[in-house]
Each structure stands twice: as structure tokens, then as C-alpha cells.
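Reading through the C-alpha cells given below for one structure.
The values are calculated or read from the model by the stated rules, or taken from the named source; none is laboratory data. For clarity, every value in this text was computed on a predicted model and none was experimentally measured. Note: ideal-geometry Cβ built from the backbone for every residue, glycine included; neighbour counts use all protein chains shown.
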Amino acid sequence: MSQAISALSGIPIAMTRNRRLGAVISAFAVVISIGSVVASLVPLVGPVLSIPVGIVGIGGMYGALSLNVTDRPVTLSGVAGVVKARAFSIGGGYVLLFGGYVAILLVAALVIVPVAVLSGILTEGIGTAAADGVVLVAILAVFAGVHLLYSAFAQLLFPAIVIDSRQARSVLRHVYELVTQNARSVFGFTVLRVVVEYGILAVGLAIAVAVAYAQDIVGVLENADAATTSGASLLSLVDALTLVGIVAPIVAAAILSQAARAIYIGEFYTRLTQNRSAVWTGESRRRQ
């Protein structure tokens, strides 16, 4: 668990010591976001089209990290070289993740059904609403546990492929050994990673809500004086600025959360595999 906590310091250290790293990772985070949008908006074909976009995005983010931890300059040409060299293995990683997710859903279903039945038996005689609540909580607990188990393995897959140059066909055993030999640290890290990732998103959402709430108050005042053409134009301008003020924090938070997530995972993975105390400075690598 100490590795998971100490790895948090790698996020601000990486972004402050190498500003280019943060910019490059953020740029590839945008690429990943585009892939997610394509996958969600275009039925059937979208998820297929999002795979090459995801390969570029994932490869770019962890490619930048691999250059950084080996004390090489983080440049777009250098990152492109890493993506090109790892593209096939990253694609194999996507196949493994998809297969793993399907398997985990099947496992969850096999566990949830008997849990739901058992919960129903144990809550027999209790009010319908209360019994349904117990069953729902039991199902959610099982699903959360199974998803946490899946995330513990999945989050280390791409760092192993890109940063560690491992082939997709042999990476599962490596990740399995990492998780089982460092179970406490890995699961602690998984929880902290979720807190970091969604905490940043929550901050962006809170800012957007605050802007929207403030505009509601301003809108009431503006509407009182919007009878003239100039007043209406001013109101339109304020509405446009409000839209930007609502959308911009959410988009920025999404990009920043992806960048922070990638850096945190890279920091933690490198600590697990090489037991270094100064991952981003390269001091331990030079001592080896």
C-alpha cells in the first residue's frame, strides 16, 4: 500500500519536471476521448473504428512515459516510434481486455444469480421494498467486487506492453505475477486511482454546475432588461459565454483525469517492476 501512496507524488513531479510530458500525454488523452465518442455515437461500427484510435492514444500516452523513465527526450517523433513498434501488441492487448471483460461479465452473472436468490430467501417475510433493496445492494456489491478484480489486472496491461516492451501473448502471466505478488499494493492503488481519476472529473463538473447556477441568477436579471435589441444581443453573448464556461471545465477535467491516470499508473507500474525510489529522475536506473 505504501507504493500506491508514494506513487501519487509522481503525478505532480512528472508534470512539473517535464512540461512537455504533460502536454504530450494530454494530447493523446484527447485522441482517446475522440475514440470513446466515436464508439458511443456510431452503433456497431463505432467500437471497431475506435480501436485504431485507441491504439494511437494508449500507445502515445504510455510511449511518452516510456521515453521519460528511460531519460530520453519526450518528442512526438519519439512517441510515434514507440507507437509504431508496439502497435501490434497494443492491438493484442485490446483483444485481451475485451475477452477479459466478457469473461468477467459472465462470472458476475454466475455469481449474481445465486446471490440474488439467496438474498431473496433470507429477506422472505420482510417488506417488498426492503427486500428489493437488500437484493439490489447484494448485486451491486458483487458487481463492484468483480469489476475491482478486473481493473486490478487490466490497468497494468498496457504499461507492461508499452513501457516494458512485453508481447501481448506473454503479458498476462507477467501481470498476474505482479498482482498476486503485490496484492495489497495493487488493490490499494486501484482504489486510489479511481479516486484521483473521478475526483478530477468531479471538480470539473462542480465548476460547470457553479457556472450554470451563477448564470441562472444573471439570466433573471438580464431578462428584466432584455426588451431592447441591444439587451437581447447582450443576453445572447452571455448565453454563449455560459455554454463555454459549462463545457470547458468538463472537457478540461476529462483530459486532465486521463493524463493523471496514465502518469499515476506508469509511476506505480515502474515502482512495482523495478522497485525504484526516484522513477521520474532516472537516478535508480543510472545506479543499476
| query | Applying the selection to the stretch 14-47, what residues are among the β-branched types (Val, Ile, Thr) and either over 21 Å from Gln155 (Cα atoms) or under 16 Å from the mean Cα position of the chain (by Cα) (or both)? | reply | Thr16, Ile25, Val30, Val31, Ile32, Ile34, Val37, Val38, Val42, Val45
| Close pairs from the stretch 134-159: first at pLDDT 80 or above, partner basic (Lys, Arg) and crowded, with 16+ Cβ neighbours inside 10 Å, Cβ under 9 Å, at least 6 apart | Ser151/Arg193; Gln155/Arg193; Gln155/Arg261
| task | Could you check how many residues of the stretch 80-122 are at pLDDT below 85 and not hydrophobic (A, V, I, L, M, F, W, C)? | result | 7
| field | Qualifying residue in the stretch 208-215 (condition: of a type in the set (Ser, Thr, Tyr), more than 27 Å from Leu67 (Cα to Cα), surrounded by 16 or more Cβ atoms within 10 Å (Cβ to Cβ) and at pLDDT 75 or above) | value | no
| message | Cβ-Cβ distance below 6 Å, separation of 6 or more or different chains: which pairs start in the stretch 25-46 with a residue that is without any contact (Cβ under 8 Å) to a residue 12 or more places away in the chain and end on one that is of a type outside the set (Ser, Thr, Tyr) and crowded, with 17+ Cβ neighbours inside 10 Å? | response | Gly46/Val38; Gly46/Ala39
| query | Just a yes or no: is a residue in the stretch 163-170 farther than 22 Å from Phe98 by Cβ and either part of a helix (DSSP H, G or I) or at pLDDT below 90 (or both)? | reply | yes
